[in-house]
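Written out below as structure tokens is the structure these notes cover.
The values are calculated or read from the model by the stated rules, or taken from the named source; none is laboratory data. Everything numeric in this text was worked out from a predicted model, so none of it was measured. Here the Cβ is made from the backbone with ideal geometry for all residues, glycine too, and neighbour counts use every protein chain on show. SASA here: full protein model, heavy atoms, side chains in, ligands and nucleic acids out. Shrake-Rupley method; radii C 1.70, N 1.55, O 1.52, S 1.80 Å.
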Protein chains: 2
Amino acid sequence: MPSYTAPSKDMQYVLHDVLNIAASDIPGYGDLDRDFTAAILDEAGKIATEVLSPLNPVGDTVGCKMENGVVYTPPGFKDAFAQMQAGGWPGIDMPEEFGGQGLPYVMGTAVGEYFSSANQAFTMYQGLTHGAASTILAHGTADQKATYLPKMVACDWTGTMNLTEPHCGTDLGLMRTRAEPQADGSYKVTGQKIFISAGEHDMAENIVHLVLAKIPGGPEGIKGVSLFIVPKVLVNDDGSLGARNAVSCGKIEEKMGIHGNATCVMNYDGATGYLLGEEHKGMRAMFTMMNEARLGVGMQGLAQAEIAFQNALAYAKDRLQGRDVTGVKNPDGPADPLIVHPDIRRNLMEQKSFAEGARAFLLWGATLIDAAHRKGDADADGLISLMTPVIKGFLTDKGFDMTVQAQQIYGGHGYIEEWGMSQFARDARIAMIYEGANGVQALDLVGRKLAQDGGKHVMAFFDLVKAFCKENAETEGMAEFIEPLKRASKDLQTAAMYFMAEGMKNPNAALAGSYDFMHLFGHVCLGLMWAKMARASNAALAAGTDDPVFHQTKLVTARFYMTRQLPMTATHLARIQAGAGAVMALEAANF
Amino acid sequence: MPSYTAPSKDMQYVLHDVLNIAASDIPGYGDLDRDFTAAILDEAGKIATEVLSPLNPVGDTVGCKMENGVVYTPPGFKDAFAQMQAGGWPGIDMPEEFGGQGLPYVMGTAVGEYFSSANQAFTMYQGLTHGAASTILAHGTADQKATYLPKMVACDWTGTMNLTEPHCGTDLGLMRTRAEPQADGSYKVTGQKIFISAGEHDMAENIVHLVLAKIPGGPEGIKGVSLFIVPKVLVNDDGSLGARNAVSCGKIEEKMGIHGNATCVMNYDGATGYLLGEEHKGMRAMFTMMNEARLGVGMQGLAQAEIAFQNALAYAKDRLQGRDVTGVKNPDGPADPLIVHPDIRRNLMEQKSFAEGARAFLLWGATLIDAAHRKGDADADGLISLMTPVIKGFLTDKGFDMTVQAQQIYGGHGYIEEWGMSQFARDARIAMIYEGANGVQALDLVGRKLAQDGGKHVMAFFDLVKAFCKENAETEGMAEFIEPLKRASKDLQTAAMYFMAEGMKNPNAALAGSYDFMHLFGHVCLGLMWAKMARASNAALAAGTDDPVFHQTKLVTARFYMTRQLPMTATHLARIQAGAGAVMALEAANF
């Protein structure tokens, strides 16, 4: 069975050595000193390792079952959920006013990685609740907040998001679910939603569904979509639970992975719903949830890559097979461990440099969200809005690839379910699809985010990279990291300029290169992170750190990323510059 | 449920327009005219579509079951197996002397792709039998051939290969299975083998296990390994079946995919075995089987990519979602089909250009095998020996990637088992692992094959590319294909020279780049195939073909590969030239 150890040393390094959060002027960051964050990470790591991780294969093997309309989560999930609630983890970064811990989002992100690594399917129940609660927080009335948030922050009630219907996922303008206004101001919601994660289960006394639907007579298409709160059990005026609402789970889907999470077909048969936010502005409200969810899904890519890497590394050190070609390393054993072999190391270094780079990228992104929300920093808001599709698309694509590479280290044992490596790949696979398939992320990035506010945010990104390069160009030991970053960033700029020049004439020229652009952008972001880590570790070494090996290891890993991963930007650029010609040339019938 | 249509038009194109097989002087090729191969492909396509394909999801869902030591294949497998036998498919390219059809290997490869696309798990039962029979054909005594081959060619008896043990897969020198010589010339084989595909099942009256074991007192390690025939049921002198041998299936593994194939733990408890080939030369004999198996596994990569592509394409044409940004394409519908979107096309074109390029590559490889075996062409033998790890490693890596991309076209539906796209990815995943994990293929390529016979074969490959480029440099319409091929081939040569120069000083410099080299080589091979197809289609168009659309489509797809896939060689080269430094720098403890 695979094991999991929370990477708290690395997390502390990113939070403090690289991002220096305690020195930030973002409200709430002043409290986040090393000892404080260490205590939180330590506790979160314990529950991840001891409670959630052992349940991960159970969730995969047993899955969720539906009997007579009741959905049962896998054995042990209920107890674990109660333990998470008791520890206050679901509300760690929710307002104290509603029972949360009131910590910054960056801390929620840090511990979220642990929980997601240890048990992605389980952690989704609280993750979706968090997203639904955030939406009510942003768009709900005072009454709605008072009714739902204390229960949801505590995860006594969980939440869901209901967008997809059988005939539409990405194109929500085709939606058929209807909400008929009632005399008392409520609505009757009727329709079918599919792929509803955590749609029905036995771990909470109520489930608060956020449902997109059309109010008859409203505008056509996506402009006539509104968002509704549809509780599984209606809530009385005194806050107690009342009658069962007309919403039910039609079936649980059989999926490739995340078997521990119930993916439900939800039937709304004139269910009572309450408008959340304004009429016909449902998409805007839903995006509050979706943007947060996209960062959370990007994190899942990292999280599965991390646990897969940990286990692949342990196997590579343990499994004896073949001899080091440059000389026997384990003379007393029948063979050397796998890790002596260069191609095994190449594979492991790809995993390591991805996981650590992605962690820095995500936490940096989380600080931007805190700056936007806690400090009202519009530039930070613009930058994270630009990078959200990159975090979602790039980290989940690469995260999945890394779980597949980790599986490969095990040879045949990687394909056998007993060893658990297959589950990491199967679970990670969904993250490339849900919350907007990665092709849609690329479209969002190139079709919308690049040009947002006159291209201001992408220019800010380039300036930020430039400023970093300039600041550190002369710093001893930094040239080897700055040069490749500059080249990669230049590739990204060239691609953006190509889009501007060609996209004016033909939007397909930009869209045909959107996926490559998203990956190109991702590599530049990870390159920037590795350059920042190299600077932090060079500084620590210069200052006489008492842990030189840790920082030297960072430098080696940074070097690996720069020389072995970042060159990929050139190929992405070449593909982009090949244009739309061969992509668009064929008639559909001739494919 | 997914569907499958045999790509016979494309297969005919490669066999005749590109490879011009009927004009070859390889014995047996003269008969392979268009009508003859069309008739075979047509029949094979029918059984693949009508019999094997509908059983593919059944195999996945129901899997194999063991009860009281008896292994039951999924419902319908037995009947389908009997139909395959009745059609003579298992022996299509086996000698007529033993009941085969005596056709060249290239025809076995062509129909093998169909069967493997339609049902990989099912097709493995006869594929492994073919490999085992080929080994007996190459290394068996006249008696052994007479006893086993007629039954195996007909698949009345199936075959297996037994290499892996719990503690060793790649490093077979660590093997513990023992074969004790007996007075009658037989051996008593004792030990445990794992991951034995088709190790036990209910579709044949006997199973002929080929087992690697050590004869006590022989040389240490890999040099003391011998190969044995260990039938499940002993065969009497008159050829009738006798007593049950002391070999049994200990359990069936739970796997990520290929559930329809029984992957068995096999226990040999003093089982009667017969030496196949010479004492202590078991590895050499086993390599007969393994080289053939590696090509077959490379084919599985293509085969799963092909069926996944067919279904993704159908879905992209059918599913309505969003509108073409350059103008509505389906004004009467609520939305345009997915295929109007540039990134969907980018994805589909990657799949299409891979599948068609890989098909040409594999069939070209098969003609080299025929040239080697039927004509004694040593150069062809050297070339296919060089390219075997590329076919296995590159085609299975890319084949798996393509199934994942095909799954992505379906959005959420791709993750739901009901649609079948998950199975293609889960089944394809094994091909990267078995018959030598792809890292081992890369090691074989760089560590052994490159330098084989003084580097003669890789030089022959470069000469072949050069000659093609030179011949076609001035041909109208060919420059756009020749130039990228030249550049890619130059990257490959530069990488090979880097290995020669650096590898002398430090073998790790070459080995750290071995995986990138395998992929670089694969891209050059597919680039060569696309250039050849471009030439064939340009010629057909110039000659006034009555199917211009087919050939114009080939040119577009060739252009796509050249401009959008082949640029990857530059990144592989950059990674290789980064050397072993950052790959090897860390102590194992510091990862």
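Within segment A:131-172, count every residue that is within 14 Å of another protein chain (Cβ to nearest Cβ) and not hydroxyl-bearing (Ser, Thr, Tyr). Counting residues in segment A:131-172 that are within 14 Å of another protein chain (Cβ to nearest Cβ) and not hydroxyl-bearing (Ser, Thr, Tyr) gives 10.
When A:Ile136 is tested against the conditions (1) under 23 Å from A:Gly224 (Cα atoms); (2) touching a residue at least 24 places away in the same chain (Cβ under 8 Å); (3) surrounded by fewer than 24 Cβ atoms within 10 Å (Cβ to Cβ), the lone failure is (3). One residue stands out among those in segment A:366-387 that are of a type outside the set (A, V, I, L, M, F, W, C) and open to solvent by less than 10 Å² (accessible area, probe 1.4 Å): the one that is nearest to A:Arg319 (Cα to Cα), which is A:Asp370.
Out of the strands (runs of 3 or more DSSP E) lying entirely within segment A:211-308, which hold 3 or more residues that are open to solvent by 10 Å² or more (accessible area, probe 1.4 Å)?
Numbers: elements: A:225-231, A:233-235, A:241-244, A:247-252, A:263-275.
By residue number, A:233-235, A:241-244, A:247-252, A:263-275.
Are any residues in segment A:529-551 surrounded by fewer than 19 Cβ atoms within 10 Å (Cβ to Cβ) and either in contact with a Phe, Trp or Tyr (Cβ under 8 Å, 6 or more places away or on another chain) or within 8 Å of chain B (Cβ to nearest Cβ) (or both), and if so, which ones? Listed by number, the residues that qualify are A:Val549, A:Phe550.
Restricted to segment B:427-437, and to residues there that are more than 7 Å from every other protein chain (Cβ to nearest Cβ) and buried (at least 24 other Cβ atoms within 10 Å of the Cβ), the residue that is nearest to B:Ile196 (Cα to Cα) is B:Glu435.
Got at least one residue in segment B:445-455 being at pLDDT below 95, under 23 Å from B:Lys532 (Cα atoms) and open to solvent by 20 Å² or more (accessible area, probe 1.4 Å)? Within segment B:445-455 (the criterion being at pLDDT below 95, under 23 Å from B:Lys532 (Cα atoms) and open to solvent by 20 Å² or more (accessible area, probe 1.4 Å)), the answer is no, since none of the residues qualifies.
Out of the residues in segment B:430-468 that are among the acidic types (Asp, Glu) and without any contact (Cβ under 8 Å) to a residue 60 or more places away in the chain, which is farthest from B:Gly513 (Cα to Cα)? Across segment B:430-468, the extreme among qualifying residues is B:Asp463. All of B:Arg319, B:Arg294 fail the test of being more than 18 Å from the chain's Cα centre (by Cα) and either within 14 Å of another protein chain (Cβ to nearest Cβ) or closer than 30 Å to B:Val230 by Cα (or both), apart from B:Arg319. Going through (1) assigned to a helix (DSSP H, G or I); (2) among the small types (Gly, Ala, Ser); (3) open to solvent by 10 Å² or more (accessible area, probe 1.4 Å); (4) closer than 29 Å to B:Glu587 by Cα one by one, A:Ala582 falls short only on (4).
Yes or no: segment A:411-426 includes at least one residue that is under 23 Å from the mean Cα position of the chain (by Cα), more than 10 Å from chain B (Cβ to nearest Cβ) and either modelled with pLDDT of 95 or more or assigned to a helix (DSSP H, G or I) (or both). Yes - at least one qualifying residue is present in segment A:411-426.
Restricting A:Gln321, A:Gln310 to residues that are under 24 Å from B:Tyr515 (Cα atoms) and out of contact with any helix residue (DSSP H, G or I) (no Cβ under 8 Å at 6 or more places or on another chain) narrows the list to A:Gln310.
On the stretch given as segment A:152-166, residues that are farther than 10 Å from A:Lys193 by Cα and in a loop (DSSP other than H, G, I, E, B) total 3. Just one of the listed residues (A:Ala312, A:Ala358, A:Ala335) is outside any loop (DSSP other than H, G, I, E, B), farther than 25 Å from A:Ser197 by Cβ and open to solvent by less than 20 Å² (accessible area, probe 1.4 Å), and it is A:Ala312.
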